[in-house]
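Accompanying notes for the structure given below.
What follows draws every value from the coordinates through simple rules; no lab data is involved. Given the structure is predicted, the values throughout are model-derived calculations rather than measurements. Heads up, the Cβs are rebuilt from the backbone with ideal geometry, glycines too, and the neighbour counts pull from every protein chain shown.
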Amino acid sequence: IGDYCHLAAFSCAIAIPSEELLEAETRPSGAVAVVTIENLTSFEQWLDVRPADTVAVLTGGFPGRSVIRLLRDLALPVLHWGDMDAGGFEILAYLKRSLRDVRPLAMGPDELLAFAESCRPLGDGDRRRLERLATLPELADSRESIGALLQQFRKLEQEIVPPSRVAAALSKVLAVRQSAKPDLAAPADGGARSA
């Protein structure tokens with residue numbers, strides 16, 4: 001308690017137990033955004049291409065209370081990269097209900113088209129869940145993606161989409177945000193959390 005951990009010193013991933021994370025205090029950093037990632041394999045691959053001025057957080061499916069608190073405390077825009085299926089969009093909806101500024105990342109119709117040969121068919125349960133998700137106000141920015149899944153009766157696992165493609169999509173999003181908000185161009189210096 002009272003010790004600081006400057007996370008900029010870590011180029012790899014670190015795990016912080018939930019109990020510690022709930023007690024931790026976030027300090028300002030030079031990060032401009034957080035990328036939340038649904039699956040471990042994609043998270044590990046993302047670390048090789050992650051821009052230095054972003055924070056990567058593994059949700060491991062639905063994020064727990066400690067992860068939501070961390071994301072709130074960071075007070076940064078959140079971009080979520082997950083599976084293009086009912087579960088992935090349910091996680092996105094949960095993040096949007098729990099946090100202020102969350103957008104999908106590399107979860108659009110372009111990914112569905114680019115990786116069509118790797119898509120799997122939707123089941124009836126998937127279809128019903130996606131139809132319900134398409135009506136949620138918090139997923140208004142994902143209706144086109146959900147509609148494409150329903151129309152093509154397919155789904156796409158996150159692990160199929162190369163992290164380099166996600167990094168390119170992130171660069172575009174951040175460029176638009178930086179032109180709209182010059183303060184997002186602040187230099188990255190990592191960040192600190194005390195436990």
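A few comments on the model shown:
- Over all other residues within a Cβ to Cβ distance under 14 Å of Phe115, the charged ones net out to -3, with Lys and Arg as +1 and Asp and Glu as -1.
- With K and R counted +1 and D and E -1, the other residues having a Cβ less than 12 Å from that of Phe43 yield a net charge of -3.
- Based on C-alpha pairs under 8 angstrom that are at least 6 apart in sequence, the range 31-165 has a relative contact order of 27 percent.
- The spacing between the range 42-71 and the range 100-172, judged by their C-alpha centroids, is 19 Å.
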